[in-house]
Amino acid sequence: MWRAVALTLFPEMFPGPLGESLAGKALKGGVWSLEAVDIRRFAKDRHGTVDDAPFGGGAGMVMKPDVLSAAIEAVAQPGMPKVLLSPRGAPFSQARGRELAQGPGVVLVCGRFEGVDERVIEAEALEEISVGDFVLSGGEIAAMAVMDCCVRLLPGVMGEPLSANEESFEDGLLEYPHYTRPASWTGPDGTERRVPEVLVSGHHGKVAEWRRTQREEITRQRRPDLWARRKLAKVNDEK
Ligand code: SAH
């Protein structure tokens, strides 16, 4: 069973949204397990102190290395990656999610306040992961994003096994546009919009070609960074 362990000051936040829908069903079905461990349990004093003022001064509080390390040591298992959610981490990606999903699980350390004492990152060899170039008030929502990405890749979680491979990012392209019934729809702007003719043509080859062209066009326009990387990868393949 794939195992997710969240170290957090707010264990009651879990499973939260991960208790619903696909991830929730898989959790109840025993495809994966989730433990939310309260960091405060590892506090060294009777007040349950988990943070302290920063050396060198400045605003905010810093999570104490002794307490956090004790919590990590209590849950860590050989072979299980230890991740710290952090805005200065490596950007999380579908590729890293797939790797994590193929392993035994992951320990996710959720920061709060200004962050964690640098020495615990070194001593515990934490892998820092960011979910984007913005600042959250804590690592919990970021940890849930990482878990959700991994869990939907576990065998048996997604309805259709094919669908994961055709998705955004799996091959460096964004997704094509989707349409469903009704075939003709008039929106609040009074304009009638019909679904692209090729999709109702029943011609599978043409549908596939249209979707590929759409993916390329959308990626080129919206994510020139992905598009450039893809072109580079192709050039290297041909070498
Ligand atoms: N002082 C820090 C922000 C701390 S935010 C700074 O300036 O970078 C508090 C906690 O929220 C962090 O320790 C981290 O665990 C989490 N967090 C905030 N933004 C995040 C992001 N983009 N990705 C992952 N975790 C994030």
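The values are calculated or read from the model by the stated rules, or taken from the named source; none is laboratory data. Treat the numbers as computed from the prediction; the structure is a model and nothing was measured. Positions of Cβ are backbone-derived with ideal geometry, glycine not excepted, and every protein chain shown enters the neighbour counts. Areas reflect the complete protein model, heavy atoms only, side chains present, ligands, DNA and RNA absent. Shrake-Rupley method; radii C 1.70, N 1.55, O 1.52, S 1.80 Å.
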Subject >> Residues within segment 45-92 that are within 21 Å of the chain's Cα centre (by Cα), of a type in the set (A, V, I, L, M, F, W, C) and in a loop (DSSP other than H, G, I, E, B), tallied >> reply: 3
**OP:** Determine whether VAL157 is within 16 Å of the ligand (Cβ to nearest atom) and either without any contact (Cβ under 8 Å) to a residue 24 or more places away in the chain or open to solvent by less than 50 Å² (accessible area, probe 1.4 Å) (or both).
**Re:** no
Original post:
Would a scan of segment 96-104 turn up a residue that is of a type in the set (A, V, I, L, M), within 12 Å of the ligand (Cβ to nearest atom) and open to solvent by less than 70 Å² (accessible area, probe 1.4 Å)?
Top reply: no
Original post:
Which residue out of ALA6, ALA26, ALA36 is more than 26 Å from VAL120 (Cα to Cα) and either in contact (Cβ under 8 Å) with a residue 12 or more places away in the chain or buried (at least 16 other Cβ atoms within 10 Å of the Cβ) (or both)?
Top reply: ALA26
Original post:
Mind checking whether some residue in segment 9-21 is of a type in the set (Ser, Thr, Tyr), in a loop (DSSP other than H, G, I, E, B) and without any contact (Cβ under 8 Å) to a residue 24 or more places away in the chain?
Top reply: no
**OP:** Could you please find all residues in segment 177-198 being touching a strand residue (DSSP E or B) at 6+ places or on another chain (Cβ under 9 Å) and either open to solvent by 100 Å² or more (accessible area, probe 1.4 Å) or not β-branched (Val, Ile, Thr) (or both)?
**Re:** ALA183, SER184, TRP185, GLY187, GLU192, ARG193, ARG194
Original post:
Does segment 214-221 include one or more residues that are open to solvent by 100 Å² or more (accessible area, probe 1.4 Å), at pLDDT below 95 and part of a helix (DSSP H, G or I)?
Top reply: no
